[in-house]
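For reference, the structure is listed below as structure tokens.
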Protein chains: 2
Amino acid sequence: MQPLDHIRVVLSHTSHPGNIGATARAMKNMGLSRLVLVNPKHFPDPQAHAMSAGATDVLANAQVVSTLAQGLEGTIFAVAMSARRRELAVTPLWAREAAAELVTAATQGDVALVFGNETAGLSNEELFQCRRWAMIPVNPGFSSLNVAAAVQLMCYELRLAAQNPGQPPVVAGAGLPASHEEVEHLVAHLERAAIASEFLDPASPKRLILRLRRLFSRAGLEKEEVNILRGLLTAFEKKR
Amino acid sequence: MQPLDHIRVVLSHTSHPGNIGATARAMKNMGLSRLVLVNPKHFPDPQAHAMSAGATDVLANAQVVSTLAQGLEGTIFAVAMSARRRELAVTPLWAREAAAELVTAATQGDVALVFGNETAGLSNEELFQCRRWAMIPVNPGFSSLNVAAAVQLMCYELRLAAQNPGQPPVVAGAGLPASHEEVEHLVAHLERAAIASEFLDPASPKRLILRLRRLFSRAGLEKEEVNILRGLLTAFEKKR
């Protein structure tokens, strides 16, 4: 398996089926094949088929899921694409850097590159499920790229990065990287524990949870670390 | 003026007006504004307007001409995009190298990046009017990029190259580079002289002329060199 075979392109809440088709074409042009659609407005759809210009195999094999968490199952690394800076967010990568990190991580397991809705982009909740986020350099006076154009640029950078992989892995430390689900279970566990301990107001837990996600995201957790943290949480819960 | 302001995007014989609009959007996203349309099938057109997603200024300022030679008037350097290798053609540049050369040349004068028809690409006659030609790295099993996607990739590379110009000019030697018209006049002059001398069969001059174009294209002629060659031709013509 080549690194590109381990890279999923995830489109979240896509409105226009033509963009799904154009994404499939852009992916196949650059040698990628794994498309995941999170709650698409219309799919399958004749417009998607037409705009794929023959990349119908990518559409036929596309996985349709209802949440980003499902789309990220089994991944060890994910990059969210965003056109705007976010409160709380760590420093973004540039497109080219993100491609290099994705290809490097793809030598260790499945990874994902995530694109949001045409108008609204990704929600903060979606963004913080990804380890890193990345921006495409654009004209600040006219910054809104078509989503399929953004996919095209990223898949091009991924193809070039895969041809010239370069640096050693940066996914995590010496240990095995935690999977997406393992981190999600940890976050859920923490949230339950935080509410049970009355540290966290169950009516408005969001900001704290975002901050925790940000921390884990920046750190790049290993499996062993997740196990330790969860063991610790379980111990805390039993104590009371 | 920034280098990007000296770069024309030339679309030759575009069939689908939606691609013209998507090209305008892709250009403006990356900070380019000068669009030239060679004999477009439909322009202006509501589909071009819709697909420009607000880059209507680029469409409104687009220059419509009937031949590529007109579209290249005043340029000192041009790169043709092609998806396939050509008989006679010099070694192609990769997209990223072409962007670096265009940006460098754009510090000395106007330059052009030329894209062909959606189905047929550029003709050999068009290709050899350009100093260099370039390819985008693609999946060899599915290599046909949408023309607006190709424009998007190249404009992205141009934006990055303009942010990080790097190398000294490679357009020509120490002297001023010849303009497109100057080289065209030289080629026409050579053709007349070659036919008059009976070296060239006027019924089938194409292959020789292509080879000459290729030579000049590779060399990157200077103004002074064109003047010398034309003076020499004139002298030969008078001698008989």
* Asked: When the residues of the range A:54-87 are filtered to those that are assigned to a loop (DSSP other than H, G, I, E, B) and in contact (Cβ under 8 Å) with a residue 60 or more places away in the chain, which remaining residue is surrounded by the fewest Cβ atoms within 10 Å (Cβ to Cβ)?
  -> A:Gly74
* Odd one out for B:His42, checked against (1) of a type outside the set (S, T, N, Q); (2) touching a Pro at 6+ places or on another chain (Cβ under 7 Å); (3) surrounded by fewer than 21 Cβ atoms within 10 Å (Cβ to Cβ); (4) part of a helix (DSSP H, G or I) -> (4)
* Asked: What number of residues within the range B:30-48 satisfy the criterion of being over 23 Å from B:Gly121 (Cα atoms) and within 14 Å of chain A (Cβ to nearest Cβ)?
  -> 2
* Only one of these is under 21 Å from B:Thr107 (Cβ atoms), touching a residue at least 12 places away in the same chain (Cβ under 8 Å), within 12 Å of chain A (Cβ to nearest Cβ) and of a type in the set (A, V, I, L, M, F, W, C): B:Met51, B:Met27. Name it. => B:Met27
* Residue match in the range B:90-110 (condition: without any contact (Cβ under 8 Å) to a residue 60 or more places away in the chain, assigned to a loop (DSSP other than H, G, I, E, B) and surrounded by 17 or more Cβ atoms within 10 Å (Cβ to Cβ)) -> yes
* Tally of residues being surrounded by 21 or more Cβ atoms within 10 Å (Cβ to Cβ) and either among the basic types (Lys, Arg) or touching a Pro at 6+ places or on another chain (Cβ under 7 Å) (or both) across the range A:25-39 -> 2
* To do: Could you tell me whether any residue of the range A:40-57 is among the basic types (Lys, Arg) and under 26 Å from A:Leu160 (Cβ atoms)?
  => no
* Of the residues in the range B:181-240, how many are more than 26 Å from B:Ile76 (Cα to Cα) and without any contact (Cβ under 8 Å) to a residue 12 or more places away in the chain? -> 11
* Asked: Somewhere in the range B:68-83, is a residue of a type in the set (S, T, N, Q), assigned by TED's automatic domain parsing to the domain that holds B:Ser143 and more than 27 Å from B:Phe128 (Cα to Cα)?
  -> no
* Restricting the search to the range B:10-24, which residues are outside any helix (DSSP H, G or I) and either within 14 Å of chain A (Cβ to nearest Cβ) or at pLDDT below 95 (or both)? -> B:Ser15, B:His16
* To do: Scan the range B:117-133 for residues that are in contact with a His (Cβ under 7 Å, 6 or more places away or on another chain) and within 25 Å of B:Ile209 (Cβ to Cβ) and jot them down.
  => B:Asn117
* To do: Please list, ordered by first then second residue, the pairs with beta carbon atoms under 9 Å, 6 or more apart or interchain, first in the range B:130-151 and within 11 Å of chain A (Cβ to nearest Cβ) and free of Cβ contacts under 8 Å to residues at least 60 places away in the same chain, second crowded, with 22+ Cβ neighbours inside 10 Å and part of a strand (DSSP E or B).
  => B:Ile136/B:Met81
* Structure fact -> Given (1) charged (D, E, K, R); (2) in a loop (DSSP other than H, G, I, E, B); (3) at pLDDT 95 or above, A:Lys28 misses just (2)
* Structure fact -> A careful count of residues in the range B:82-103 that are closer than 18 Å to B:Val138 by Cβ and modelled with pLDDT of 75 or more gives 12
* Within the range A:165-176, can one find any residue that is more than 10 Å from every other protein chain (Cβ to nearest Cβ), modelled with pLDDT of 70 or more, on the phi < 0 side of the Ramachandran plot and touching a helix residue (DSSP H, G or I) at 6+ places or on another chain (Cβ under 6 Å)? -> yes
* **Test: residue in the range B:115-126 that is in contact with a strand residue (DSSP E or B) (Cβ under 9 Å, 6 or more places away or on another chain) and within 11 Å of chain A (Cβ to nearest Cβ)** => no
* Structure fact -> Across the range B:54-67, the tally of residues that are of a type in the set (Ser, Thr, Tyr) and within 14 Å of chain A (Cβ to nearest Cβ) stands at 1
* Selection count where residues are at negative phi, touching a strand residue (DSSP E or B) at 6+ places or on another chain (Cβ under 9 Å) and surrounded by 17 or more Cβ atoms within 10 Å (Cβ to Cβ), scope the range A:183-240 -> 3
* Asked: When only residues in the range A:13-24 that are out of contact with any Asp or Glu (no Cβ under 6 Å at 6 or more places or on another chain) and either without any contact (Cβ under 8 Å) to a residue 24 or more places away in the chain or among the small types (Gly, Ala, Ser) (or both) count, which is surrounded by the fewest Cβ atoms within 10 Å (Cβ to Cβ)?
  -> A:Gly18
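The values are calculated or read from the model by the stated rules, or taken from the named source; none is laboratory data. Just so it is clear, the model here is predicted, and its values are computed rather than measured. A quick note on method: Cβ atoms are made from the backbone with ideal geometry, for glycine too, and the neighbour counts reach across all protein chains shown.
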